[in-house]
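The values are calculated or read from the model by the stated rules, or taken from the named source; none is laboratory data. This is a predicted model, so every value here is computed, not measured. When we count neighbours, we look across all protein chains shown, and the Cβ atoms used for this are built from the backbone with ideal geometry, even at glycine.
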Ligand code: ASP
């Protein structure tokens, strides 16, 4: 009997220790970043390309980690990371974005502050260098949420946000991909802008290949005050027409954040729009007993796969737990946190967070 009492007391003591956080534990910041999902196979990936993507993802994540480690807000962190990736021609956002069938780049972006449920979004932007900053300006300096096209660029100019000619966004690599897609779609080639370059990205410039069709970028973060934010930025799908807009700038579809959940998505936007993917994951995760990983998997590996959609998400909960879920061969992704501040980068589906390859719809 004495023995039983002793065991019971020990168990209670242990349980008590496990549930009581150490009083001196620092407030935990956390960040996760994606750089697009799709057909990113080991067979196609040269060591140079892989190294370039890993370096770029680590550098961008470190930038956000730096903001958060210094006590910056989740909003500041997600914007800072998105800007770095928008300026990097490796990714389908800002410079190096996917090009439309008419030979112009039209950019979409959204940002959401989970603490206030405020959001800003833009679509079809053609001259504003950093669409994510424009999305934030929409959120903070207008009474609107979503601006499109010429009006969005006009607002950017009025706000003094840097403007560039549309050709600034166009790289030789993306032009090559556009020609591939237009050939498949039996559409004529638009006039190639003269003097296209890709910047200092070495052999990737000549790589072409399926993996180069991807690269939408997204960020979710929790700051040390416990606020969550999400941001997504993209050029959309190569060869898009008719003013097509995907999920990325649509609040609830490609981007969403509230007080307990933040999500950024990448993949064929038409499917993500129909499933309202980002918000659906947060709704699942809010159900009693459902972990964020299970919520993300239910929506991506379950519902998205069921309608033959392809892509992935990064998601974060109020505790700063970062998860991802994808049904493609790969997704450029990285994370860092107060507990593990050095960014860890993953590319292939089987690297971490175990994601099966369940669909291989047309690359974009
Ligand atoms: N989701 C983006 C879109 O449909 C593209 C992507 O993530 O690759 O516009």
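So the values come out like this:
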| quantity | calculated |
| --- | --- |
| Test for residue 323: is it at pLDDT 95 or above, over 21 Å from residue 112 (Cβ atoms) and more than 16 Å from the ligand (Cβ to nearest atom) | no |
| Some residue of the range 293-308 being under 21 Å from residue 84 (Cα atoms), crowded, with 24+ Cβ neighbours inside 10 Å and more than 15 Å from the ligand (Cβ to nearest atom) | no |
| Residue 99 vs. criteria closer than 30 Å to residue 175 by Cα, assigned to a loop (DSSP other than H, G, I, E, B), at pLDDT below 95 and within 16 Å of the ligand (Cβ to nearest atom) | no |
| Hits in the range 272-287 - residues which are within 13 Å of the ligand (Cβ to nearest atom) and within 16 Å of the chain's Cα centre (by Cα) | 272, 273, 277, 278 |
| All positions within the range 253-271 that are more than 18 Å from residue 302 (Cα to Cα) and away from the ligand (no atom under 11 Å from the Cβ) | 256, 257, 258, 259, 260, 261, 262 |
| Breaking point among (1) away from the ligand (no atom under 16 Å from the Cβ); (2) closer than 25 Å to residue 253 by Cβ; (3) surrounded by 24 or more Cβ atoms within 10 Å (Cβ to Cβ); (4) within 18 Å of the chain's Cα centre (by Cα), for residue 107 | (1) |
| Whichever residue in the range 51-87 is touching a helix residue (DSSP H, G or I) at 6+ places or on another chain (Cβ under 9 Å) and modelled with pLDDT under 95 and, among such residues, is surrounded by the fewest Cβ atoms within 10 Å (Cβ to Cβ) | 52 |
| Set 93, 109: member being in a loop (DSSP other than H, G, I, E, B) and over 26 Å from residue 339 (Cβ atoms) | 93 |
| Listing of helices (runs of 4 or more DSSP H) fully contained in the range 238-349 that carry 3 or more residues being over 24 Å from residue 105 (Cβ atoms) | 277-285, 292-297 |
| Among the residues listed as 116, 167, 133, 154, the single one being within 22 Å of the chain's Cα centre (by Cα), farther than 25 Å from residue 267 by Cβ, modelled with pLDDT of 95 or more and not in a strand (DSSP E or B) | 116 |
